[in-house]
Ligand SMILES: CC(C)(COP(=O)(O)OP(=O)(O)OC[C@H]1O[C@@H](n2cnc3c(N)ncnc32)[C@H](O)[C@@H]1OP(=O)(O)O)[C@@H](O)C(=O)NCCC(=O)NCCS
């Protein structure tokens, strides 16, 4: 039997130019506003790693475009002793998001669990939009949608599409409830200031999210551009299209964003590979970077 590590890596490494071509082919718009959820290893070997991907995205968007990455910290934000430091706390949403956060021109919003980093002309507007909540009328997430932003899923399924939470909040789904958390934040000079962050966590008994159902609907309706960026399946969709389809699904089925009968919707395009790190959407499982 051939093990994964013995399989030949058939594709040649991706460089910045080939990534830019692939993003253009996919339809990433010059001058656009783009929020990216990503998995680096899904893409196969990239010369220069995550930084090359960020540079390629910025080149594709051009000077008039704005790139946003999630720099969420929710996996550890409730741990004892955790203090959010916008300048130093790393993103826990993958290597590409962390490379985006560390970009010299990146600005970061302030939120205990759901900060974002942005680079480009709309960066300041987006990161300074937030009040206490990551989802309310003034939040970065709302700004992205309201300013005709698009979302790119790069080697990850719709399960990672945070913007669906925005839809859930706007639709006032019955299984989430706003919660305010009061903690402290570390400032650049080392001093501490109070930090109040609001979220909308699920109530007990929540069966888990199935955002793939909504994504598959959008694909079936021709609202998603799908392509390959290296070995990653890439999906590009518009914020307003997502909002409209989410409303339609919710009006049909109040549990439309939830796992039903214990199974998450299977996506028809590409393969989903589950590793300890998460789910990866790939064209060819044998071309993922490294062993799994
Ligand atoms: C969890 C998740 C980030 C894991 O994806 P991943 O590809 O395994 O990890 P990263 O994107 O951090 O990339 C790092 C991995 O890329 C691989 N890698 C390293 N160098 C590489 C290179 N030059 N080229 C390609 N891959 C490389 C390695 O496997 C590395 O893992 P390691 O650091 O453990 O060795 C991803 O599945 C995910 O969920 N992303 C979306 C997160 C998100 O936005 N969530 C929104 C809220 S739900």
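Give the residue, chosen from 112, 92, 87, that is closer than 18 Å to residue 130 by Cβ, within 16 Å of the ligand (Cβ to nearest atom) and in a loop (DSSP other than H, G, I, E, B). Don't jump to the end; show me each part of the working.
Details: 92 fails: closer than 18 Å to residue 130 by Cβ; 87 fails: within 16 Å of the ligand (Cβ to nearest atom).
Matching residue, one of 112, 92, 87: 112.
Can you tell me which residues in segment 56-74 are modelled with pLDDT of 95 or more and within 13 Å of the ligand (Cβ to nearest atom)?
56, 68, 69, 70, 71, 72, 73
Only residues that are in a helix (DSSP H, G or I) and in contact with a strand residue (DSSP E or B) (Cβ under 8 Å, 6 or more places away or on another chain): list them for segment 142-164, please.
Those that are in a helix (DSSP H, G or I) and in contact with a strand residue (DSSP E or B) (Cβ under 8 Å, 6 or more places away or on another chain): 144, 158, 159, 160, 163, 164.
Considering each residue of segment 252-275, count those that are closer than 25 Å to residue 204 by Cα, free of Cβ contacts under 8 Å to residues at least 60 places away in the same chain and either part of a loop (DSSP other than H, G, I, E, B) or touching a strand residue (DSSP E or B) at 6+ places or on another chain (Cβ under 8 Å) (or both), and give that number.
Residues meeting the conditions: 7.
Any chance segment 277-284 includes a residue that's more than 13 Å from the ligand (Cβ to nearest atom) and either closer than 26 Å to residue 60 by Cβ or modelled with pLDDT under 95 (or both)?
yes
Would you be able to say whether some residue in segment 242-256 is under 27 Å from residue 50 (Cβ atoms) and modelled with pLDDT of 95 or more?
Just the residues of segment 242-256 that are under 27 Å from residue 50 (Cβ atoms), to begin with: 242.
Still in the running and modelled with pLDDT of 95 or more: 242.
Taking every residue of segment 242-256 in turn, at least one turns out to be under 27 Å from residue 50 (Cβ atoms) and modelled with pLDDT of 95 or more.
Out of all the residues in segment 104-115, which are surrounded by fewer than 23 Cβ atoms within 10 Å (Cβ to Cβ) and touching a strand residue (DSSP E or B) at 6+ places or on another chain (Cβ under 8 Å)?
Residues of segment 104-115 surrounded by fewer than 23 Cβ atoms within 10 Å (Cβ to Cβ): 104-108, 110, 113.
Correct list: 105, 106, 107, 108, 110, 113.
Could you please tell me which pairs satisfy a Cβ distance under 6 Å, a separation of 6+ or placement on different chains, a first residue in segment 113-124 that is within 18 Å of residue 89 (Cα to Cα), and a second residue that is part of a loop (DSSP other than H, G, I, E, B) and modelled with pLDDT under 95?
114/134
Note down all Cβ pairs under 6 Å where the first residue falls in segment 22-43 and is near the ligand (Cβ under 8 Å from one of its atoms), the second is at pLDDT 95 or above and in a helix (DSSP H, G or I), and they're at least six residues apart or on different chains.
37/160; 38/96; 40/50; 40/95; 40/96
Out of all the residues in segment 116-139, which are at pLDDT 95 or above and touching a strand residue (DSSP E or B) at 6+ places or on another chain (Cβ under 7 Å)?
116, 117, 118, 119, 120, 121, 122, 123, 124, 126, 127
Scan (1) within 25 Å of residue 72 (Cβ to Cβ); (2) more than 13 Å from the ligand (Cβ to nearest atom); (3) assigned to a helix (DSSP H, G or I) for the single condition residue 212 breaks and write down its number.
With respect to (1) within 25 Å of residue 72 (Cβ to Cβ); (2) more than 13 Å from the ligand (Cβ to nearest atom); (3) assigned to a helix (DSSP H, G or I), residue 212 is out only on (2).
Which one of these is surrounded by 15 or more Cβ atoms within 10 Å (Cβ to Cβ) and within 27 Å of residue 107 (Cβ to Cβ): 199, 256? Full working, then the answer.
Numbers: 256 fails: within 27 Å of residue 107 (Cβ to Cβ).
Every option except 199 fails the conditions.
The values are calculated or read from the model by the stated rules, or taken from the named source; none is laboratory data. This structure is a prediction, so every number in the text was calculated from the model and none was measured. Ideal geometry is used to build each Cβ from the backbone, glycine not excepted, and the neighbour counts take in all protein chains shown.
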